[in-house]
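For reference, the structure discussed in these notes is given below.
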Amino acid sequence: MKKLRQPLWILRSLAVLAGGASILSCFSNRQNEGAKLYETHCSNCHGSQGEGLKRLIPPLAGADYLVQHRAELACLVRKGKQGPLLVNGVDYNQVMPPADSHLTDSQITNILNFVQTSWGNKGEIFTIREVSEQLRGCGGSDGR
Amino acid sequence: MMLSSFRRALHVGLLALGSAVALTACSDKTEESQVLPYIGERDVRPRADGGPADTIFAAIPSFTLTNQDGQTITNQTFAGKVYVADFFFATCPSICPKMQSEMLRVYEQFKGNPKVLFLSHTIDPAHDSIPVLRDYAQRLGIQDASRWHFATAPHDTIFGLARRYMTAAQKDGGVPGGYAHSGTFALIDSERHIRGVYDGMVKEEVDRLIQELPLLLKEEAAKQPKAQ
């Protein structure tokens with residue numbers, strides 16, 4: 001974290017110089033951390049390419065669910081999900097457990113942004129603030 | 001008679017080769033490596049008549065299970081076939097989806113060959129009723145229960161069998177899902193012997209299973225009298 005600060009600061013001022021792009025700094029955009037976390041916490045089920053598994057596990061690649069349920073995604077990762085659910089017209093009905101170890105708000109943000117921008121996905125990026133807000137809605141925010 | 005003592009000699013020879021084969025693994029292209037080893041404990045029993053000692057290889061014990069169609073399956077179901085076995089449960093939060101997707105890859109390779117069957121045992125029989133197993137199988141795309149059995153039995157039966165298939169499985173409140181188990185795939189020949197053990201969580205290991213299975217089929221074809 002410490003090490004990152006200075007380059008980030010430089011990047012940030014560059015962005016400001018570039019004119020109006022300073023908004024970028026509000027986004028958590030650590031693709032790498034997101035990829036690692038995805039590999040550890042999600043890929044056994046959803047597959048390394050987000051492909052899912054037949055009608056057992058829904059895909060994340062190209063999933064309309066991500067767009068339609070954007071406001072629920074942070075809580076879904078925190079709390080898990082069960083019961084019938086429709087993704088790209090296919091019905092699923094299995095159990096997704098809550099994340100297997102505690103993930104901070106910013107880690108969830110990084111995972112979601114990895115999902116939003118991988119395998120051809122071009123979803124809207126999440127800010128940490130947005131994720132924390134969603135998580136407060138289900139009593140799951142830790143403010144970190 | 002002749003055949004069986006020849007086979008016995010072959011088995012004993014294999015014993016000696018066993019370690020060499022294990023060491024050279026799949027890169028070795030010599031004749032020996034073309035026959036799969038016998039895996040598990042073995043016992044050498046002197047014969048009463050003073051003849052050459054019998055080598056008893058570890059074998060899968062007799063079992064009676066029920067599959068996703070509610071049909072009883074036993075060792076007889078697998079007679080004259082080879083099969084791949086594993087242990088899973090429908091609500092498994094950790095390794096099962098990955099494992100079963102790797103198993104599916106093996107199934108896809110051999111689904112055209114009725115001599116190759118698949119057997120997935122649930123280690124959570126309390127939850128995985130027959131309808132749950134059927135739903136699971138169908139969601140995985142397996143419509144034909146006679147090729148890939150998703151089987152249940154009383155808890156103790158399953159856990160006893162898991163050990164024999166070299167899968168570690170136990171109830172463990174401390175892990176997600178409540179059961180700790182390993183993702184072993186065991187390859188069983190028509191005489192109930194384990195001929196290969198693979199880590200179903202590792203793609204390269206599963207690739208090895210896909211390569212080795214035809215070797216076993218070749219061996220089986222050679223020892224069975226040609227069907228008319």
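The values are calculated or read from the model by the stated rules, or taken from the named source; none is laboratory data. Being a predicted model, the structure only gives us computed values, none of them experimental. Counting neighbours? That spans all protein chains shown, and the Cβs are built from the backbone with ideal geometry, glycine included. Calculation scope for accessible area: heavy atoms of the full protein, side chains included, ligands and nucleic acids excluded. Shrake-Rupley method; radii C 1.70, N 1.55, O 1.52, S 1.80 Å.
Structural remarks
- Accessible area (Å², per residue) of the range B:42-227, counting only protein heavy atoms and a probe of 1.4 Å: 43
- Sparse-neighbour loop sites [trypsin sites (Lys or Arg not before Pro); the range A:97-142; at most 12 other C-beta within 10 Å; DSSP]: A:K122
- Accessible area in the full protein assembly, largest first, 1.4 Å probe, for A:E124, A:E130: A:E124, A:E130
- In the structure shown, the pairs A:K36/A:K81; A:K122/B:K203; B:K98/B:K218; B:K98/B:K171; A:K36/B:K98; B:K115/B:K223 are assessed against 25 Å; a Cα-Cα span above that value is assigned to A:K122/B:K203; B:K98/B:K218.
- Amide H contacts under 5 Å for A:K81, placed H, 5+ residues apart: A:M96
- Using the Karplus relation 6.51 cos²θ - 1.76 cosθ + 1.60 with θ = phi - 60°, the per-residue 3J(HN,Hα) values for the range A:88-93 come to 6, x, 9, 8, 10, 7 Hz, with x marking Gly and Pro.
- Among the chymotrypsin sites (Phe, Trp or Tyr not before Pro) within the range A:86-119, not one is in coil by DSSP while having at most 11 neighbouring Cβ atoms inside 10 Å.
- When the residues A:E72, B:E220 are ordered by accessible surface, computed with a 1.4 Å probe over the protein chains alone, the sequence from largest down reads A:E72, B:E220.
- Protein heavy-atom accessible area occluded, B/A pair - total, 1.4 Å probe, Å²: 1200
- Kirkwood-based shape ratio for the range B:91-153, expressed as Rg/Rh from alpha carbons: 0.95
- Per residue, the range A:32-137 exposes 49 Å² of solvent-accessible protein surface, assessed with a 1.4 angstrom probe and all protein chains in place.
- Figure note: B:H181, A:H102 ranked by solvent-accessible area, largest first, 1.4 Å probe, ligands and nucleic acids not counted: A:H102, B:H181.
- Reachable aspartates and glutamates from B:K111, criterion Cα separation under 18 angstrom, eight or more residues apart if same chain: B:D86, B:E102, B:D144, B:D189, B:D207, B:E212, B:E220
- Residues of the range A:41-64 that bury at least 20 Å² of accessible area when the other protein chains are present, relative to the chain alone (probe 1.4 Å, heavy atoms, ligands and nucleic acids excluded): A:N44, A:C45, A:L53, A:K54, A:R55, A:L56.
- Both radii are taken from the alpha-carbon atoms of the range B:107-217; with Rh as the Kirkwood radius, Rg/Rh is 0.96.
- With R₀ set to 51 Å, the beta-carbon distance separating A:L85 from B:A221 gives a calculated FRET efficiency near 0.65.
- Distances between placed amide hydrogens fall under 5 Å for A:V90 paired with no residue 5 or more residues away or on another chain.
- Segment A:S48-A:E124, length gained on full extension (0.36 nm per residue, minus Cα span): 25.3 nm
- Contact residues in the range B:90-139 by the 50 Å² criterion (accessible area, 1.4 Å probe, full protein complex versus chain alone): B:P97, B:R139.
- Cα→Cβ-extended label distance, 7 Å offset, between A:N93 and B:Q76, nm: 3.5
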